[in-house]
Every structure is written in structure tokens, then in C-alpha cells.
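One structure is given below, encoded as C-alpha cells.
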There are 2 protein chains.
Amino acid sequence: MTAIARHSAVWTPNALSTPSAVRRHNLGVVLRHVLERGPRSRATIAQETGLNKTTVSRLVGELLELGLLTERGIEARGTAGRPGHVIDVARDGAVALGLEVNVDYLSVQATDLAGGSRYRARETADNRAADSGTVLDRLAELVHGALVEVRAQGLRAIGATVALPGLVDVARGTLPAAPNLGWSDVAIVDELRARIGTPLLLDADNEANLAALAELWDGVAVGVSDFMYVSGQVGVGGGIVLGGELFRGYRGFGGELGHMVVDAAGALCACGSRGCLETRCGLEPLLAAAGGAPLSRRPVADLARRARAGDPEALAALDDCGVWLGVALGNVANLLSPEAVVLGGYFAPLAGWLTPAIERELSERVLGAAVPQVLASRLGAEAAVRGAAAIQLRRVVADPARIGSVIS
Amino acid sequence: MTAIARHSAVWTPNALSTPSAVRRHNLGVVLRHVLERGPRSRATIAQETGLNKTTVSRLVGELLELGLLTERGIEARGTAGRPGHVIDVARDGAVALGLEVNVDYLSVQATDLAGGSRYRARETADNRAADSGTVLDRLAELVHGALVEVRAQGLRAIGATVALPGLVDVARGTLPAAPNLGWSDVAIVDELRARIGTPLLLDADNEANLAALAELWDGVAVGVSDFMYVSGQVGVGGGIVLGGELFRGYRGFGGELGHMVVDAAGALCACGSRGCLETRCGLEPLLAAAGGAPLSRRPVADLARRARAGDPEALAALDDCGVWLGVALGNVANLLSPEAVVLGGYFAPLAGWLTPAIERELSERVLGAAVPQVLASRLGAEAAVRGAAAIQLRRVVADPARIGSVIS
């Protein structure tokens with residue numbers, strides 16, 4: 001019996017590609033119920049969701065087939081009646097991949113439905129020196145490596161989201177502009193799909209948007225509904241969360257704090273404008289201002305070490321970067337009146353030296369003492385890939401039938 | 001029979017102060033139906049809303065008593081049955097007042113439920129030279145004048161919203177800070193209520209927020225869901241509309257574009273910061289840059305006249321102001337990715353000279369060619385009072401029972 005024939009006892013791939021809206025909705029209801037409330041029997045799920053037992057049994061059957069739920073043990077019951085198997089989220093079933101192309105590295109992470117990281121890989125690379133095709137070749141190799149590793153763990157990759165340091169057209173899966181990569185108008189999703197081969201749900205998003213979501217869902221901003229995330233990469237990225245949701249804006253390219261002008265007559269920016277925050281707080285201007293030894297392999301750690309040792313040039317450069325961040329974040333505070341700002345990327349390990357200057361500027365510049373809290377990320381360099389994997393998993397949890405098209 | 005006894009045939013003031021949620025909701029349903037669909041009989045309303053005829057008759061009765069609906073003529077009907085009276089919005093019933101305290105004037109407008117302006121008054125005043133109590137005394141006199149005028153038209157004022165050039169705590173009805181007035185922590189709503197006497201629904205809001213709503217509901221931004229409104233007053237105000245709603249932000253003080261820093265080391269601003277947009281594009285720095293004759297009574301009209309005549313100093317000052325507006329609006333575009341920006345206040349009559357520089361900066365500074373449209377207000381100096389009256393009327397339409405507490 002082939003896998004497809006076995007599936008067709010409960011549903012067929014055709015049925016999944018045109019499921020009834022109600023059944024499709026209820027698949028998500030049952031999966032979310034188990035995710036949020038924990039392991040329980042079919043009977044308990046039926047009782048708690050108000051769905052009838054037959055329906056729940058059928059839906060659980062589909063979710064077992066999709067590898068999203070698993071069956072284990074027997075539920076202890078206080079009442080009479082046949083005890084049922086406990087249904088739990090399939091920690092060893094589906095995973096989603098978070099991928100990242102940034103200016104100086106490529107990264108991948110596999111996350112399971114319970115939120116556990118199952119595989120990580122990262123390689124440094126000077127992606128500015130390469131064209132997009134070459135970089136996507138290497139990213140596809142990283143994906144192949146991840147697929148081999150997750151299969152060896154008995155897991156199945158259902159989808160991947162690519163984090164990119166530039167403007168991403170999420171609906172089209174394209175990258176209209178990435179100034180720090182020197183790329184424009186790259187059809188990321190199509191190009192990556194052609195290189196991967198294996199069917200995967202595939203999409204793309206801005207790296208700082210995804211990192212902001214990782215902070216909201218699993219980081220320092222859990223419970224914070226309105227915040228500005230700002231990330232030190234080679235460039236400076238930003239993501240806005242309003243009312244507990246990522247804010248993209250009407251034209252879809254919101255959150256670009258790195259290109260807020262803090263010094264209108266300042267240095268030319270890679271984006272074509274002048275005096276952007278990035279020209280003051282990007283990695284290269286920060287290291288140049290700090291002086292010291294020529295570029296090391298771990299420049300941020302070296303800068304932190306010098307600051308800890310009291311090096312005046314390092315401290316002055318960090319204070320100056322904090323001032324410019326404070327000016328930009330003060331503008332955000334006067335415009336969006338958020339609860340908090342979150343420092344990510346290399347701003348996080350440097351937060352101890354940046355925050356005093358940021359808070360000084362905020363208290364001087366924000367009206368009505370509506371000064372946001374300044375929080376430092378603890379997710380490290382993984383924030384964007386973590387958010388990328390998580391958003392893909394959340395899409396599947398919202399609509400489990402989506403993965404019908406990619407199961408093998 | 002007193003008015004109250006007459007009302008009690010249908011409902012009592014007590015019933016109105018604790019109405020059932022359903023009846024309260026349905027009052028709004030019927031009123032909005034007539035507002036949106038036009039005059040029609042009780043029977044037609046019942047048929048179209050799905051409410052039963054008895055319920056509709058009772059709700060229409062209450063809305064007639066509240067002065068929100070009126071009865072006129074007989075509906076022509078194609079079908080058999082007793083023809084019914086046509087129910088219409090009471091254009092000659094309720095009005096709301098929009099009030100404004102700005103730096104150099106006080107203003108009032110009365111608007112009826114059909115959106116018609118029924119009374120306007122404006123007086124110039126140097127409110128910076130006066131304490132808040134004195135200014136509110138004068139505002140209360142303006143309100144009394146308006147109440148006399150609307151009563152003479154057979155209208156009844158149900159509420160008023162005060163537009164203020166500063167940070168407004170809408171929930172508390174207070175003004176924590178208004179740098180350009182030199183006021184802080186004024187309990188505007190309580191102080192004004194004590195001076196007015198007549199019971200009115202009373203609240204306060206930021207003047208640029210209200211002007212932005214006027215543009216959205218009745219101005220150049222009708223149909224524009226996401227825009228930044230920027231207003232030249234003595235200071236520079238701002239209001240943000242996202243997804244067709246006014247955006248206030250978590251701490252409630254969003255939209256303050258006038259205090260976006262465009263020149264961090266620039267001139268000291270009234271708010272305590274340095275280099276705010278207002279220090280470049282506020283009325284005084286603009287007129288100072290334009291030079292020419294000493295301050296006239298109509299400085300903006302004079303500046304426009306000089307620009308039309310080709311005066312190079314006036315043109316240079318306007319271009320410079322356009323550049324700084326363009327820098328600030330470019331920052332907004334990179335952050336919020338809006339559909340449009342709207343120039344209000346004195347920026348509107350000067351838009352012909354400001355817009356070229358604004359568009360130049362936007363096209364140079366906004367990533368991904370996501371450049372917002374630049375629109376100029378046509379509401380003139382009335383925008384804020386118009387929005388103020390409209391928001392009060394919309395609150396009543398959403399929940400007509402609110403006015404039970406203030407009817408005489």
C-alpha cells in the first residue's frame with residue numbers, strides 16, 4: 001500500500017486541495033487546542049471544543065497523517081467509560097525552516113511544533129561580493145544539509161521562510177531592493193524553489209520584521225503589544241509591532257528605521273539618501289569611530305572587550321552611537337507612542353554602553369514623558385531565523401491543510 | 001405634561017441610564033441605517049435591517065424624542081398596505097460643537113447630523129500671553145454665543161469636542177503638555193464644563209488628530225486608508241491614520257511629527273528638544289527666513305503673494321521649509337509606508353511652493369520607490385473644529401443613548 005493509498009482511507013490529496021471551509025477551519029481549531037491546552041484524549045477535545053466526537057476523531061486522524069499530532073499513552077480519567085489515547089503535538093513530526101541571507105552570513109534553523117530548535121547552521125560569507133544567484137546556490141545547499149539532518153531525526157520539513165536584509169514584497173516573494181547587498185528585483189522565492197527541488201511552503205520577509213516577531217513570540221517583548229525593534233547588522237534594520245501584530249504599512253515596506261535621517265547633510269548612505277541612522281550606527285561607521293585594531297573576525301566582541309576595559313575611544317564611539325539611536329528612537333516615540341523599544345543584533349551585546357545615551361536622548365526629546373522602555377534582545381544572532389521558522393509554523397497551525405500540497 | 005413625563009411613555013431617563021445592551025445597540029443600527037441609506041418608512045427599515053416592525057417603531061420613537069430622527073411626508077410604495085411616514089435624519093435636531101484653542105485663535109463650529117455647518121465663529125487671540133483659566137473663560141463665552149445661535153435655529157447642542165495644540169489625554173480629558181501655549185497639566189474638560197453650565201457631552205483631543213479625521217471623513221483624504229497629516233499652525237502638528245482609523249499609539253500621544261528631530265544640533269524647541277521640524281517649519285522660523293516686511297496681520301497670505309510675485313527670499317524660505325518637511329515625511333514613509341501625506345494648516349495654501357522640494361526629498365530618501373502621494377488640504381483653518389464636531393456626532397451615532405444624560 002502506498003502512502004497515498006493509505007491516506008485516502010481518511011482523505012485524499014484531492015480532498016485536501018479543495019477541502020470544505022468548515023473542515024479546514026476545524027483542523028486548525030483542534031491543532032491549536034492541543035498546542036495551547038496540552039496533551040488530552042479525543043473525548044476531552046470534543047467536550048472542550050464543542051465539536052462532536054466523530055468529527056474530532058476524523059480531524060485528529062487527518063492531523064496524525066499530516067504529522068502534526070501524535071498518539072501516546074492512555075489518558076487517566078475520573079469518569080467511567082473506555083479510556084482514550086492521549087493526543088499530543090507531534091514534537092517529532094513537522095518542522096519549519098528559518099533561513100537568512102544577511103550581508104556577512106547565511107543561516108538556517110529548524111524548529112518543531114513545540115517551539116524546540118532541532119537544527120542550526122550558520123556560515124559566514126561576504127554576500128556583497130557575490131551575485132544573488134551564487135548566494136542562493138549556497139543557501140540551497142544549506143537547506144539540503146538541513147533537510148538531511150532533520151530527516152535523520154525522523155522529522156519532516158514542511159516549509160521555510162527566508163529572512164532578507166532589504167525591502168521584501170511578501171505577497172510576490174520578491175526582493176525589490178537590498179542596498180547593503182547591492183541587489184535589486186530578485187525573485188527570491190521562485191529562484192530558491194528552483195534550487196531546492198523538494199516541495200516546501202516557501203516565502204520571504206524582511207529580517208528585522210521576523211526578528212521583531214521572534215521577540216514578540218519568544219523573546220524580551222513577550223507581552224509587549226507596541227514596540228519598535230531595531231537591529232544592528234552590517235546595516236541597521238527595524239520592525240514595528242503595533243497592537244500585538246507586525247505592522248507593514250500600506251505600501252508594505254514599513255519599519256525601515258535604519259534609513260531614518262538623523263543628519264540631513266550627513267554621509268551618503270548605501271540607499272542613496274544622506275545621513276541615515278545606518279551611516280552613524282551601522283557596523284562599519286561604529287568600528288571606524290571606535291578606532292583600535294584593524295577589523296578582527298569578531299569585531300563586536302572585541303569592541304565590547306575594549307569598552308569593558310575602559311578604552312576611551314571605544315566608549316566614546318558607543319556613546320555617540322547611543323546618541324544617534326536615541327535621536328531616531330525619540331522620533332519613533334513621538335510618532336508612534338510605543339510601550340518599548342528593543343535593541344537587537346549587535347546592539348544587544350553592546351546595550352550596556354548604548355542604553356544610557358539612548359535614555360538621555362529619549363527623556364530630553366520625547367513629549368509628555370511618554371518615554372518607552374529600552375529592552376535588549378537575548379535571542380542573539382538567531383532572532384531572524386527563529387522568527388522565520390516560527391511564522392511558517394504559525395501559518396500551518398492557523399490552516400493545517402496548507403501542508404497537504406507538500407507532504408511526501 | 002413635562003418633557004420627561006412625555007418621554008416616559010416610551011422610555012424613562014432611568015431606563016436610558018441603564019438601557020439593555022441590545023436595545024442600545026439597535027438604536028445605533030436604526031440611526032446609521034437612515035443616515036447611510038436615506039429617508040424611508042418604518043416598514044422599510046424593518047424589512048432592510050431584519051428587526052421586527054414593533055421594535056423598529058419603538059426605536060424610531062426614541063430617536064424622534066432624542067431629536068436625531070424626524071418624520072416627514074408619506075413614502076410612495078409599490079406594494080399594498082398602509083403607506084407609512086418617511087423617517088429622515090433630523091437635520092434640524094441635534095448639532096455638535098467643534099471647539100479649538102490654538103496658539104493665536106479660538107474657534108467654534110456647529111455641525112448638524114447631515115454634516116452641514118450651522119454656525120462658525122473665530123477670534124484671534126494671543127493665547128501664549130494668557131493663562132489657561134482666562135483662555136477657557138473666553139472659550140466658554142464663545143460656546144455660549146454658539147448655543148444661543150443654534151437655539152435660534154431650533155437646534156439643540158448635544159456635545160462638544162475641544163481641539164488643542166498639545167498632548168491630550170483623551171480618556172481623562174486633560175492636557176498634560178502644550179509647549180506652544182506654555183501650558184501643562186490642565187484639566188480642560190472639567191474646567192470647561194464648570195464654565196459652560198449647560199449639560200453637554202464634552203471631550204478633548206489633539207488638534208492635528210481631529211484635523212486628520214476631518215480630512216479622512218470629509219476632505220482630501222476620503223478613501224485614503226493610511227496617511228500622515230501634517231499641519232502648519234504656529235507650531236507644527238501631526239496626525240496619523242492607519243487602516244482608516246486614527247492611530248494614537250500605546251501611550252496615546254502618537255503623531256507628533258512637529259517634534260521629529262531633523263537637525264539634532266539645531267535650534268532649541270519649545271518642547272525642550274533641539275532641531276525639531278517645528279524649529280525649521282513653524283510659522284515664526286518660516287517668516288524669519290523669508291525676511292521682508294515686519295509681521296502683518298495676514299502673514300501667510302503675504303508670503304504667498306510675495307512667492308507669486310517671484311520674490312527670491314520668499315521662494316528660498318519656502319523651498320527650505322519644503323526640504324525639511326520632505327526629510328521628516330521621508331522618515332515617516334520609511335517607517336510607516338503610507339499611501340499619502342496631507343499638508344494642512346498654512347502648509348496647504350503654500351503647498352504649490354513646498355511640494356516640489358518635498359517630492360524631491362521623498363524620491364531621494366524613500367526606499368523601494370514607495371513614495372507617498374503629497375496632497376494639500378482644502379478644508380482651510382476649519383479642519384480641526386470640523387473634525388472635532390464630526391467625532392462627537394459619530395460617537396452619538398454609534399450609541400445614541402449617550403445623549404440621554406444631556407437632553408433638556
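Things worth noting here:
- Any hit, the stretch A:366-384, residues being over 21 Å from A:Gly238 (Cβ atoms), among the small types (Gly, Ala, Ser), outside any strand (DSSP E or B) and open to solvent by 20 Å² or more (accessible area, probe 1.4 Å): yes
- Considering the stretch A:170-185, the residues that are among the small types (Gly, Ala, Ser) and away from chain B (no Cβ under 12 Å) include one that is surrounded by the most Cβ atoms within 10 Å (Cβ to Cβ), namely A:Gly173.
- Considering residues of the stretch A:328-353 that are within 12 Å of chain B (Cβ to nearest Cβ) and part of a loop (DSSP other than H, G, I, E, B) only, the residue most open to solvent (accessible area, probe 1.4 Å): A:Glu339
- Residue within the stretch A:186-198 that is within 14 Å of another protein chain (Cβ to nearest Cβ) and within 22 Å of B:Leu336 (Cα to Cα) present: no
- Residue pairs whose Cβ atoms lie under 7 Å apart, sitting 6 or more positions apart in sequence or on different chains, and linking a residue in the stretch A:32-43 that is closer than 11 Å to A:Val56 by Cα and open to solvent by 30 Å² or more (accessible area, probe 1.4 Å) to a partner that is modelled with pLDDT under 95 and in a loop (DSSP other than H, G, I, E, B), are A:Arg42/A:Gly84.
- Members of the stretch B:286-320 found to be touching a strand residue (DSSP E or B) at 6+ places or on another chain (Cβ under 9 Å) and surrounded by fewer than 13 Cβ atoms within 10 Å (Cβ to Cβ), listed by number: B:Arg297
- Note on the stretch B:354-368: residues that are over 14 Å from B:Pro338 (Cβ atoms) and either at the interface with chain A (Cβ under 10 Å from one of its Cβ atoms) or touching a Lys or Arg at 6+ places or on another chain (Cβ under 9 Å) (or both) amount to 4.
- Which numbered condition B:Leu147 misses (of (1) touching a Ser or Thr at 6+ places or on another chain (Cβ under 9 Å); (2) within 22 Å of B:Ala187 (Cα to Cα); (3) surrounded by 19 or more Cβ atoms within 10 Å (Cβ to Cβ)): (2)
- Leading residue by the ranking (modelled with the lowest pLDDT) among those in the stretch A:354-365 that are of a type outside the set (Ser, Thr, Tyr) and open to solvent by 30 Å² or more (accessible area, probe 1.4 Å): A:Glu364
- Those residues of the stretch B:187-204 which are assigned to a strand (DSSP E or B) and buried (at least 24 other Cβ atoms within 10 Å of the Cβ), in sequence order: B:Ala204
- Scanning the stretch A:222-241 for residues that are surrounded by 24 or more Cβ atoms within 10 Å (Cβ to Cβ) and either away from chain B (no Cβ under 14 Å) or not β-branched (Val, Ile, Thr) (or both) gives A:Phe227, A:Met228, A:Tyr229, A:Ser231, A:Gly232, A:Gln233, A:Gly235, A:Gly237, A:Gly238, A:Gly239.
- Count of the stretch B:242-262 residues which are without any contact (Cβ under 8 Å) to a residue 60 or more places away in the chain and at the interface with chain A (Cβ under 10 Å from one of its Cβ atoms): 10
- B:Leu167 being within 19 Å of the chain's Cα centre (by Cα) and either surrounded by fewer than 15 Cβ atoms within 10 Å (Cβ to Cβ) or not β-branched (Val, Ile, Thr) (or both): yes
- Restricted to the stretch B:20-128, the set of strands (runs of 3 or more DSSP E) holding at least 2 residues that are within 21 Å of B:Leu142 (Cα to Cα) comprises B:94-101, B:105-112, B:117-124.
The values are calculated or read from the model by the stated rules, or taken from the named source; none is laboratory data. Since this is a predicted model, take the numbers as computed values, not measurements. Quick reminder, even Gly has a Cβ in these numbers, built from the backbone with ideal geometry, and neighbours come from all protein chains shown. Heavy atoms of the whole protein, side chains included, go into the accessibility calculation; ligands, DNA and RNA do not. Shrake-Rupley method; radii C 1.70, N 1.55, O 1.52, S 1.80 Å.
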